[in-house]
Every structure is written in structure tokens, then in C-alpha cells.
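All remarks here apply to the structure that follows.
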Amino acid sequence: MRISVATDSLDGVAERVVRLLRTRGHEVVTHGALNAEERADWAWASELAARDVSEGRADQAVVCCWTGTGASIAANKVPGVRAALCVDAYTAGGARKWNDANVLALSLRLTSEVVLDEILDAWLAGAPSTDAVDQANVSHLDAI
């Protein structure tokens with residue numbers, strides 16, 4: 001899978017996200033502080049990763065900032081993106097299942113290495129629900 005990763009700083013688990021995804025066999029595209037040629041600020045970096053998803057250059061994205069909130073807000077401004085701020089594996093799995101989330105937002109401040117591993121396991125193993133009610137909710141997002 002091709003996954004776009006953006007962060008506004010190299011604090012916390014920022015570089016570990018890239019390493020873990022590559023170790024798991026994914027192709028990783030980097031933005032923000034992970035790419036010396038780009039602006040590192042969270043709004044710009046997260047937008048680039050989200051556009052990679054919405055324009056088909058990436059299957060999914062991971063966006064990071066200190067709290068994860070700004071990165072998720074920026075990513076969600078891009079049409080077709082459903083970014084979810086996840087602080088644990090249960091939330092990550094639920095975001096994939098019930099919300100068909102295609103962008104994972106992480107807090108560099110709160111996410112430990114152990115929790116990151118668990119979140120990525122749940123996120124990457126997750127799949128969208130086939131339940132009609134769940135699918136109707138996700139479809140309704142385009143109408144909002």
C-alpha cells in the first residue's frame with residue numbers, strides 16, 4: 001500500500017511511523033518536517049498528505065502534530081478525506097470500520113512507541129463495515 005505521512009516536527013514518534021510502515025512493506029511518501037523541501041507547518045504538511053489520498057497518489061495517510069488536532073482538522077478540509085484522531089488501537093480500528101477513515105491523525109505528544117505499534121496494527125488490519133447503516137453514514141458525509 002502507498003501511504004503518505006506528514007508531520008510538523010520530528011518530535012515523539014514522527015520518524016518511527018515512517019520506519020514501521022516501511023518495515024511492514026508499505027511505500028511511504030513523506031511531507032512536512034520529513035521532507036526538507038517542504039514547509040513543515042501542520043496545516044500545509046497535513047494538507048499535502050490528505051491531497052495525496054484524495055487525488056489517488058496514496059491509498060491512506062498518517063498526519064501528525066503535537067496534539068494531532070490541527071493535523072486532523074487540516075486533513076478533513078480536503079474533499080474525500082475522512083481523518084480520525086486516534087489515541088488507542090480501539091479508536092483506530094473503529095475509525096476504519098465504522099467511519100471508513102482513510103487518514104490517521106496522531107498526537108506526537110501523547111503517542112508512545114508501544115501505543116503507536118498497537119494503533120498501526122489496528123488501523124492497517126481494519127476494513128470498512130459492510131453494514132448498510134454504517135455505509136449510509138459514511139455516504140452522508142459527502143452531503144454535509
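A few remarks follow.
- Test: Glu37 is surrounded by 15 or more Cβ atoms within 10 Å (Cβ to Cβ) and of a type in the set (Asp, Glu): no
- Taken as a whole, the condition of being open to solvent by less than 50 Å² (accessible area, probe 1.4 Å) and either in contact with a Ser or Thr (Cβ under 7 Å, 6 or more places away or on another chain) or more than 23 Å from Gln135 (Cβ to Cβ) (or both) does not apply to Cys86.
- Residues that are part of a loop (DSSP other than H, G, I, E, B) and of a type outside the set (S, T, N, Q) were ranked within the stretch 93-105; the one that is least open to solvent (accessible area, probe 1.4 Å) is Ala101.
Okay, residues lined up against (1) among the charged types (D, E, K, R); (2) surrounded by fewer than 17 Cβ atoms within 10 Å (Cβ to Cβ); (3) touching a Leu at 6+ places or on another chain (Cβ under 7 Å):
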{"position": "Asp41", "(1), (2), (3)": "yes, yes, no"}
{"position": "Ala50", "(1), (2), (3)": "no, no, no"}
{"position": "Glu55", "(1), (2), (3)": "yes, yes, no"}
{"position": "Thr67", "(1), (2), (3)": "no, yes, no"}
{"position": "Pro79", "(1), (2), (3)": "no, yes, no"}
{"position": "Leu120", "(1), (2), (3)": "no, no, yes"}
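The values are calculated or read from the model by the stated rules, or taken from the named source; none is laboratory data. As the structure is a computational prediction, the values presented were derived from the model and not from experiment. All Cβ positions, even for glycine, are placed from backbone atoms using ideal geometry, and neighbour counts span all protein chains on display. All accessible areas refer to the heavy atoms of the entire protein, side chains included, with ligands and DNA or RNA removed. Shrake-Rupley method; radii C 1.70, N 1.55, O 1.52, S 1.80 Å.
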